[in-house]
Amino acid sequence: MLTIKDLTVKVSNKTILENFNLEIKEGEIHALMGKNGAGKSTISKIILRDEAYTITKGTITYKNQDLLKMNTTEVARLGFYLASQNPIEIDGITNAELIRCALHEQGKKELNILELNNKLKKYCEKLDIPTSFIHRSINYNMSGGEKKKMELLYIWMLEPKFIILDELDSGLDVDSLKLVANSLLEYHKQFKPSLLIITHQPNLLNSLKPHKVHILENQEITQTGDFSLAQKIFENGFSRASLMINGGKNE
Ligand code: ADP
Ligand code: MG
């Protein structure tokens, strides 16, 4: 279980989160929603130990281990994976090299080049990714949607146990979105990872049916509900949904 308790986070002397609390049990699917600039990506970066963010208060533990004492590599070794909102491009290192290196770092059974290539080809075909991408530089000159699909390839290859998807759905066309949602559902059925989905769109949540939906505003989670809370937001926006949930007195 991941437990974030009373977390206060600052960046460039600005407080982004204050007394933030969140608990995600093994295998659970949570959605995190909130207006632009609310601090959603900050949470994903904090969990993955981005050093640009200063934690002035609070704790983050995972299976009784203190994440705040770890660096990004150590957190990744625990099985965390972040599909970041803006995947970076790295020219000169191919996807095959990155995945091979990451698998090696995980210390699992080594695949020889042929086995690795066959596995990569199989998942590329399943995800409708051209197999030529296997030997292209990481995200280099790829379209926004292509980059997002590559995240799924990494997930299937690296088999993470705790996945954070930061607006994975942005930039994907309708068909790719369906394919990605189905693929994630299949992955969740097979590997039962915990999932934290940050999104503004209904598509992923319609397929993955989160156990809990949280709304982040004013530096903390102000509402937690089931899938119907997300539906209210999609239909009415944050301000109106909030009024309705609080009794609709001001309508
Ligand atoms: P969200 O993902 O909810 O849209 P973010 O977590 O990206 O929001 O950002 C929350 C707030 O913190 C925003 O106002 C953003 O401008 C600010 N912020 C995030 N990272 C930095 C940074 N490295 N330096 C300065 N401000 C930052
Ligand atoms: Mg963001």
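What to note about this one:
- Compared with the dominant Cα axis of the chain, that is its longest principal axis, helix 95-106 is turned about 80°.
- For the chain: relative contact order, % (alpha-carbon pairs under 8 angstrom, 6 or more apart): 26 percent
- Sparse-neighbour loop sites [GluC sites (Glu not before Pro); the stretch 41-141; at most 16 other C-beta within 10 Å; DSSP]: Glu51, Glu89, Glu110
- Normalised contact order of the stretch 87-159, rounded percent, pairs of Cα under 8 Å and 6 or more residues apart: 50 percent
- Val11/Asp91 FRET efficiency (R0 22 Å; Cβ-Cβ; nearest 0.05): 0.20
- Of the residues Leu158, Leu114, Leu179, the one that moves most in a GNM of the chain with alpha-carbon contacts below 10 Å is Leu114.
- For the chain, the mean residue ellipticity at 222 nm estimated from helices alone is -12000 deg cm²/dmol, where every DSSP H run of n ≥ 4 contributes -39500 (n - 2.57) and the total is divided by all residues, rounded to the nearest 500.
- Each Lys or Arg adds one and each Asp or Glu takes one away; over the other residues whose Cβ falls under 12 Å from the Cβ of Pro202, this sums to 0.
- For the stretch 1-131, the pair-distance distribution built from all alpha carbon pairs, in bins 10 Å wide starting at 0, is 10, 33, 31, 20, 6, 0 percent.
- If a spin label sat at a point 7 angstrom from the Cα of Thr72 along the line to its beta carbon, the backbone N atoms of the stretch 164-208 nearer than 17 Å would be those of 164-166.
- Estimated FRET transfer efficiency (Glu217, Cys101; beta-carbon r; R0 25 Å; 0.05): 0.05
- The angle separating the long axis of helix 144-158 from the principal Cα axis of greatest extent in the chain is about 70 degrees.
- The alpha carbon gyration tensor of the chain gives principal lengths a ≥ b ≥ c with a/c of 1.5 or higher and a/b greater than b/c, which makes the shape prolate.
- Volume per residue of the C-alpha convex hull in the stretch 87-159, rounded to whole Å³: 84 Å³
- Between Thr224 and Lys126, full extension at 0.36 nm per residue minus the direct alpha carbon distance yields a gain of 31.8 nm.
- DSSP-defined antiparallel bridges as percent of all bridges, the chain, nearest 5: 60 percent
None of the figures in this text is laboratory data; all of them are computed from the coordinates on show. Just so you know, these numbers come straight off a predicted model, no measurement behind them. Reconstructed Cβ throughout: ideal geometry from the backbone, glycine too, with neighbour counts over all protein chains shown.
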